[in-house]
1. Over the whole of A:179-189, what's the average partner chain Cβ count within 10 Å per residue? Rounded to a whole number, please.
2. Once Lys and Arg get +1 and Asp and Glu get -1 on their Cβ, which of A:Gly158, A:Ala131, A:Val143 lies farthest toward the positive end of the dipole of region A:121-174?
3. Over region A:54-105, what is the mean sequence separation of C-alpha contacts under 8 Å (at least six apart), divided by residue count, expressed as relative contact order in percent?
4. Please determine, in degrees from 0 to 90 and to the nearest 10, the orientation of helix B:68-78 with respect to the longest principal axis defined by the Cα atoms of chain B, where the helix direction is its Cα long axis.
5. Taking only Cα atoms and a 10 Å spring cutoff, compute GNM fluctuations for chain B and point out the largest among B:Ile100, B:Ile41, B:Ile230.
6. At a Cα cut-off below 25 Å, give the lysines reachable from B:Lys99, other chains included and same-chain residues fewer than 8 away excluded.
7. Per DSSP H run of n ≥ 4, the term is -39500 (n - 2.57); total these for chain B, divide by its residue number, and report the mean residue ellipticity at 222 nm rounded to 500 deg cm²/dmol.
8. Straight-line reach from A:Lys300: which lysines have Cα under 24 Å away, leaving out those fewer than 8 places along the same chain?
Amino acid sequence: MKCLVLVEHEGGQLKDATLSAVTAASKLGEVHLLVAGEGVGGVAEAAAKIAGVGKVHVSDAAPYAHQLAENVAPLAADLMGHHDAFVAASTTTGKNVAPRVAALLDVMQISDVIGIEGEDTFIRPIYAGNAIATVRSSDSKKVLTVRGTAFEKAEREGGSGTVEAVSGPADSGLSSFVGAEIAASERPELTSAKIIVSGGRALGSSEQFHAVIDPLADKLGAAVGASRAAVDAGYAPNDYQVGQTGKIVAPEVYVAVGISGAIQHLAGMKDSKLIVAINKDEDAPIFQVADLGLVGDLFKLVPELTEKL
Amino acid sequence: MKLLVPVKRVIDYNVKPRVKADGTGVDLANVKMSMNPFDEIAVEEAIRLKEKGVATEIVAVSIGPAKAQETLRTALAMGADRAILVVSETEVEPLAVAKILAKIAEEEQPGLVILGKQAIDDDSNQTGQMLAALLGWAQGTFASKVEVDGEGASVTREVDGGLETVRLKLPAIVTTDLRLNEPRYASLPNIMKAKSKPLAQKTAADYGVDTAPRLTTLGVREPSKREAGIKVQSVDELIDRLRTVGVIG
């Protein structure tokens, strides 16, 4: 089976989400990549070095500059003439593009795959992770989005793929990129961080959120996350949100501070290897999933922890 | 401009889904059902566009069981003008839903189709993008802000790193994210009024769409449970434990 994996990149850098998608695709068969963008020669070279990668198809042209689905999907659909499966990461980019590719191919996509049982059988969460379904696809080609937390990242080095330029359809003229507000941060990215410190509604304000959470995150070299309650209350920006409606994470260590543990939040972090919870309510549901729980006032305990680390 | 707003009847947001003992699916018998929360946001956004004078008519559509009438009545009570129910007692997959919606869009000629980014039952997050592909229209997915003017729409999208704004040529598809708006509650007079608003009943066959599923569910199980760990008594003990497992040096 030949797979085509959509490479995600930003600012000339290949993103980690791609590496997990490569691992997922390698369970199905031969792995080829698609790099679409403008000025992406470096990304293509990096992509060719990923362990286990065969051909890297590169379409380096203005219409692909911001990976608009309207332009990338027809390009991918064309290449699918020679591939059996299209695999994208379950990121906002992958989720935007993959269903458009699926519809062009008349294929029913399988979203958020967390396990691959065979060429046509996949495991995916439904109902916000409250149930796990095993589904078999009868389509001759497969289109999948895969959860990064469910597949190890492929090695960035060791591969010897061949880079091949491809040209796709012209600009669709349907949409154009206007601008982006991407939060610049020195901290690791939430979805690929080894340690995450997340704050909840108990932080009480945006000022206190940053005053309590940020120093601990900095000490641990951690990414900062937040519960939906904290985001809705305006204590943290939406791209911090961990949970079913935000990002799905599975770091080595997840520190939940002042987070009660709503189902919605647990769905986004319960696959973390070690969960630490600090909360003043000893009956909070977060303690039912935490490996290490500490009951008490977060405004005393967290600064103490930060200082003693 | 006409707006088309597809809505789905799903398990209520506040109900904890239970997997059936025989592992064939989630038990929906005697469970409260409601409009998919992301679709409620879509209905609200359509009403706001009508209130601003951008839109003139809102058509709500649902593809689902006869009971999805209730969901459409909710949309009508919120402020949609008329509704179309495409009845199917068996589950219709996103691809087939998109095909039916494409046919309806060809008939109705809306300027904008606004729908939820995903339904909270199958969590597919596909229908809007598929519909855009089938119609050859622009798509603004995961929208947190929508501005329609003249020939186009500017849509601010919630992306992994923050926000992104795209300009779409109309007609276009918009899928809603949580922060786009807060849906209104229907008032009692509007709920009464909604009962007499037009609701047309159709079937997939009326649109010539084959809804045979492409996916077979082989089984549904509960997620693996995490065991609760231990409670530590102090920050010092927490640090000791973290050292023991090698998390910190």
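1. Mean shielding by partner chains, rounded to a whole number: 3.
2. A:Ala131
3. Here the relative contact order equals 39 percent.
4. 80 degrees
5. Comparing B:Ile100, B:Ile41, B:Ile230 in a Gaussian network model of chain B, the most mobile one is B:Ile230.
6. A:Lys95, A:Lys141, A:Lys142, B:Lys2, B:Lys8, B:Lys67, B:Lys117, B:Lys169, B:Lys202
7. Helix contribution divided over all residues of chain B: -8000 deg cm²/dmol.
8. Within the straight-line cut-off, A:Lys300 pairs with A:Lys219, A:Lys280, A:Lys308, B:Lys231.
Rule-based calculations on the coordinates, nothing more; no lab input. These numbers come from a predicted model, not from an experiment. Neighbour counts run over all protein chains shown; Cβ positions are idealised from the backbone, glycine included.
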